[in-house]
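Have a look at the structure below before the remarks.
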Amino acid sequence: MKTVANFRQRARSAEQKAARRQRVLDDAESYFLEVGYEAFSLTQLAKRADVVKGTLYLYFQTKEELFLTLYEQSLERWSEAFIASLPSQLTSERYAELLYTTAMADGTFVPLLIRVEHVIEHNVAIDRLIASKRLFIGQVETIAAKTSAALALSSEQATEVVKTMGVLLIGATRSDQGPALDQEDLPGDVSALIESFASKPLFVKNAVRIIEGIRGEPANAQLSRT
């Protein structure tokens, strides 16, 4: 168990600073999972991490930079989990199911993915944004290489699939953002409508359409988009 005295003692070496920064990130992620994005407060995070609020700004210039770092960690974590789950060959439907399941299993990844371009990236320094985009490019390339082999696609087709899956995941999971009605006695037609917009079947069905559509495109159509 950490003590206030030990955690507030000045970090001097690079290793100590890195360890302290990671501990702040760990506290931030657990706090985010409890309260969500809108209710997240740096003041409350400082209390949970047993530091003064100003200490947080030694590691992250803004709250959005903190969230960007949490997003990057979750992106790398999800990428590893997804790649590890892929067999050498599989159907488009199974690919989509694995992508959805592994993404949703990480409680941090999808909520931050939804907000990263429209909210989080708008209040970070340009050099920090560039570094994040380069990390994203690297993850896309890694996932695309595995996707190419698993779905028997060209590298250009696989890259197109991976990029499009991210956009589709954001759109599909937004349909789950409405009020929880599981315990309500709803009319059959309303219940059927809500079920038809459930994110997993919505994502999988459209992901298969996209994958097969990209597979069926002529090679010159792929090259024109790269």
Legend entry - Checking A103 against (1) surrounded by fewer than 15 Cβ atoms within 10 Å (Cβ to Cβ); (2) under 30 Å from F60 (Cβ atoms), the condition it does not meet: (1)
Inset, instruction - Find the residue count for region 38-59, including only residues that are in a loop (DSSP other than H, G, I, E, B), surrounded by 14 or more Cβ atoms within 10 Å (Cβ to Cβ), of a type outside the set (D, E, K, R) and modelled with pLDDT under 95. - result: 1
Legend entry - Check on D189, modelled with pLDDT of 60 or more and exposed (fewer than 15 other Cβ atoms within 10 Å of the Cβ): no
Legend entry - Those residues of region 58-76 which are under 25 Å from A105 (Cβ atoms), touching a helix residue (DSSP H, G or I) at 6+ places or on another chain (Cβ under 6 Å) and hydroxyl-bearing (S, T, Y), in sequence order: Y71, S74
Legend entry - Scan of region 132-162 for residues that are basic (K, R) and either outside the structural domain of L75 (by TED's automatic domain parsing) or surrounded by 15 or more Cβ atoms within 10 Å (Cβ to Cβ) (or both), ordered by number: K146
Inset, instruction - Could you figure out which of (1) at pLDDT below 60; (2) closer than 30 Å to Q61 by Cα; (3) of a type in the set (G, A, S) isn't true of S196? - result: (2)
Inset, instruction - For R215, indicate whether it is basic (K, R) and either modelled with pLDDT under 95 or exposed (fewer than 13 other Cβ atoms within 10 Å of the Cβ) (or both). - result: no
Inset, instruction - Can you give me the number of residues within region 82-94 that are out of contact with any helix residue (DSSP H, G or I) (no Cβ under 6 Å at 6 or more places or on another chain) and either surrounded by 12 or more Cβ atoms within 10 Å (Cβ to Cβ) or not assigned by TED's automatic domain parsing to the domain that holds I211 (or both)? - result: 2
Inset, instruction - Could you please tell me which pairs satisfy a Cβ distance under 9 Å, a separation of 6+ or placement on different chains, a first residue in region 24-39 that is free of Cβ contacts under 8 Å to residues at least 60 places away in the same chain, and a second residue that is in a helix (DSSP H, G or I) and of a type in the set (K, R)? - result: D27/R48; A28/R48; S30/R48; Y31/R48
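The values are calculated or read from the model by the stated rules, or taken from the named source; none is laboratory data. Just so we're clear, the structure is a prediction, and the values are computed from it rather than from any experiment. All Cβ positions, even for glycine, are placed from backbone atoms using ideal geometry, and neighbour counts span all protein chains on display.
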